[in-house]
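Peer 1: I have a structure here, written as structure tokens, and I will follow up with some questions on it.
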Amino acid sequence: MANRLALITGAERGIGKETARQLVERGFSVVIAGYDMVAAQSTVDELSAVGEVRSVRMDVADDQSIDDAFEDIGSASPTIDVLVNNAGTVARGSAIDVTREQLRVIFDVNVFGAAMVTRAALPFLRRSAHPRIVNLSSGGGSLTRTTDFAKTGSAGAPILAYAASKCALNMITVQTHLVLQSDPLLRHIKINSASPGTTATQISGFQGQSVSDGARIVVHLATIDDAGPSGGYFELDGPVEW
């Protein structure tokens, strides 16, 4: 894994930060694309004791910010080996009280942001011998699991916008996979959705498993070999039902 470059969005904290740590420990250089640059620099300072880490400002909901960040990245390296679309946000709101603004904000980051960052990264990924893209999804993005849960009669958590955004992100994974496979210059790029499970981060209210465990499936998909899957949806135990 030495001399390979990973770009992780939203890696100032949580699963993104832990993913950065585990990839640095495997010999990757890591670029943390952060919105909160104070927190991003703190993460860089911490992880620089382990390996090569730097930060770049990127607001995934702002196309100009994405372009500026990739211009910065490109000035240092023409190649990205791993892209982790980790940046995400959540808010509580059911079908009864969700607002258009809440939907817009969450989709802007969780869905549109991932799609636009991926598009901007493709020229860099194309130059890698073993490029990988991992989209941070959620078990809540599974239509099968959600409908099975609905059969129990429970209303579930009031996270309509968040769950819908992760379902949409899964479609982005599949649609991107189809396009990559149809292009001889891009078909060596593997893309998958990762479902880390409930993890003790800011998004979950710090409930659930450790961030170390939550990051394991992300790192696994970021480092799968050339015989590994693409266009799939996985947790540590295996494939997740769409």
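Peer 1: How do the pairs read when you match residues in the stretch 162-176 that are in contact (Cβ under 8 Å) with a residue 12 or more places away in the chain and within 22 Å of VAL98 (Cα to Cα) with residues anywhere that are among the hydroxyl-bearing types (Ser, Thr, Tyr) and assigned to a helix (DSSP H, G or I), using Cβ under 9 Å and keeping only pairs 6 or more apart or on different chains?
Peer 2: Pairs that qualify, where the first residue is in contact (Cβ under 8 Å) with a residue 12 or more places away in the chain and within 22 Å of VAL98 (Cα to Cα) and the partner is among the hydroxyl-bearing types (Ser, Thr, Tyr) and assigned to a helix (DSSP H, G or I), are ALA163/THR146; CYS167/THR146.
Peer 1: From ALA157, ALA115, ALA150, ALA168, grab the single residue that is within 22 Å of PHE70 (Cα to Cα) and of a type in the set (A, V, I, L, M, F, W, C). Walk me through how you get there before you give the answer.
Peer 2: Working: ALA157 fails: within 22 Å of PHE70 (Cα to Cα); ALA150 fails: within 22 Å of PHE70 (Cα to Cα); ALA168 fails: within 22 Å of PHE70 (Cα to Cα).
Within the list ALA157, ALA115, ALA150, ALA168, the selection yields ALA115.
Peer 1: In this structure, is THR144 in contact (Cβ under 8 Å) with a residue 60 or more places away in the chain, closer than 17 Å to VAL218 by Cα and assigned to a helix (DSSP H, G or I)? Spell out the reasoning first.
Peer 2: Values: in contact (Cβ under 8 Å) with a residue 60 or more places away in the chain: yes; closer than 17 Å to VAL218 by Cα: no; assigned to a helix (DSSP H, G or I): yes.
In short, no.
Peer 1: Determine which member of the set THR79, THR118, THR43 is in a loop (DSSP other than H, G, I, E, B) and not basic (Lys, Arg). Steps first, answer last, please.
Peer 2: Working: THR118 fails: in a loop (DSSP other than H, G, I, E, B); THR43 fails: in a loop (DSSP other than H, G, I, E, B).
Result of the check over THR79, THR118, THR43: THR79.
The rows are residues; the columns are (1) small (Gly, Ala, Ser); (2) closer than 30 Å to PRO78 by Cβ.
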position	(1), (2)
ARG132	no, yes
SER138	yes, no
GLY156	yes, no
CYS167	no, no
PRO229	no, yes
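Peer 1: Does PHE112 satisfy being under 17 Å from the mean Cα position of the chain (by Cα) and either at pLDDT below 95 or within 30 Å of SER154 (Cβ to Cβ) (or both)? Talk me through it step by step, then tell me what you get.
Peer 2: Working: under 17 Å from the mean Cα position of the chain (by Cα): yes; either at pLDDT below 95 or within 30 Å of SER154 (Cβ to Cβ) (or both): no.
In short, no.
Peer 1: Something else about it: Residue check: is ALA155 touching a helix residue (DSSP H, G or I) at 6+ places or on another chain (Cβ under 8 Å) and small (Gly, Ala, Ser)? Give the derivation first.
Peer 2: On the way: touching a helix residue (DSSP H, G or I) at 6+ places or on another chain (Cβ under 8 Å): no; small (Gly, Ala, Ser): yes.
Considered against the rule, which asks whether it is touching a helix residue (DSSP H, G or I) at 6+ places or on another chain (Cβ under 8 Å) and small (Gly, Ala, Ser), ALA155 comes out as no.
Peer 1: Touching a helix residue (DSSP H, G or I) at 6+ places or on another chain (Cβ under 6 Å) and aliphatic (A, V, I, L, M): does that describe ALA115?
Peer 2: In short, yes.
Peer 1: Can you tell me which residues in the stretch 1-34 are surrounded by fewer than 19 Cβ atoms within 10 Å (Cβ to Cβ) and assigned to a loop (DSSP other than H, G, I, E, B)?
Peer 2: Within the stretch 1-34, MET1, ALA2, ASN3, ARG13, ARG26, GLY27 meet the criteria.
Peer 1: Of everything in the stretch 139-187, what is within 21 Å of SER230 (Cβ to Cβ) and touching a strand residue (DSSP E or B) at 6+ places or on another chain (Cβ under 9 Å)? Give them in sequence order.
Peer 2: Residues satisfying the conditions are GLY139, GLY141, SER142, LYS166, LEU169, ASN170, ILE172, THR173, VAL174, THR176, HIS177, LEU180.
Peer 1: When you go through GLY113, GLY156 one by one, which is the residue that is surrounded by fewer than 21 Cβ atoms within 10 Å (Cβ to Cβ), more than 17 Å from ASN192 (Cβ to Cβ) and among the small types (Gly, Ala, Ser)? Steps first, please.
Peer 2: Working: GLY113 fails: surrounded by fewer than 21 Cβ atoms within 10 Å (Cβ to Cβ).
None of the other options fit; the residue is GLY156.
Peer 1: Among all residue pairs at least 6 apart or on different chains, which show Cβ distances below 9 Å where the first residue, located in the stretch 219-234, is touching a residue at least 60 places away in the same chain (Cβ under 8 Å) and in a helix (DSSP H, G or I) and the second is buried (at least 16 other Cβ atoms within 10 Å of the Cβ) and among the hydroxyl-bearing types (Ser, Thr, Tyr)?
Peer 2: If the second residue must be buried (at least 16 other Cβ atoms within 10 Å of the Cβ) and among the hydroxyl-bearing types (Ser, Thr, Tyr), the pairs left are VAL219/THR19; LEU221/SER193; ALA222/THR19.
The values are calculated or read from the model by the stated rules, or taken from the named source; none is laboratory data. Quick caveat, the model's predicted, so the values are computed rather than measured. Here Cβ is always computed from backbone atoms with ideal geometry, including for glycine, and neighbour counts include all displayed protein chains.
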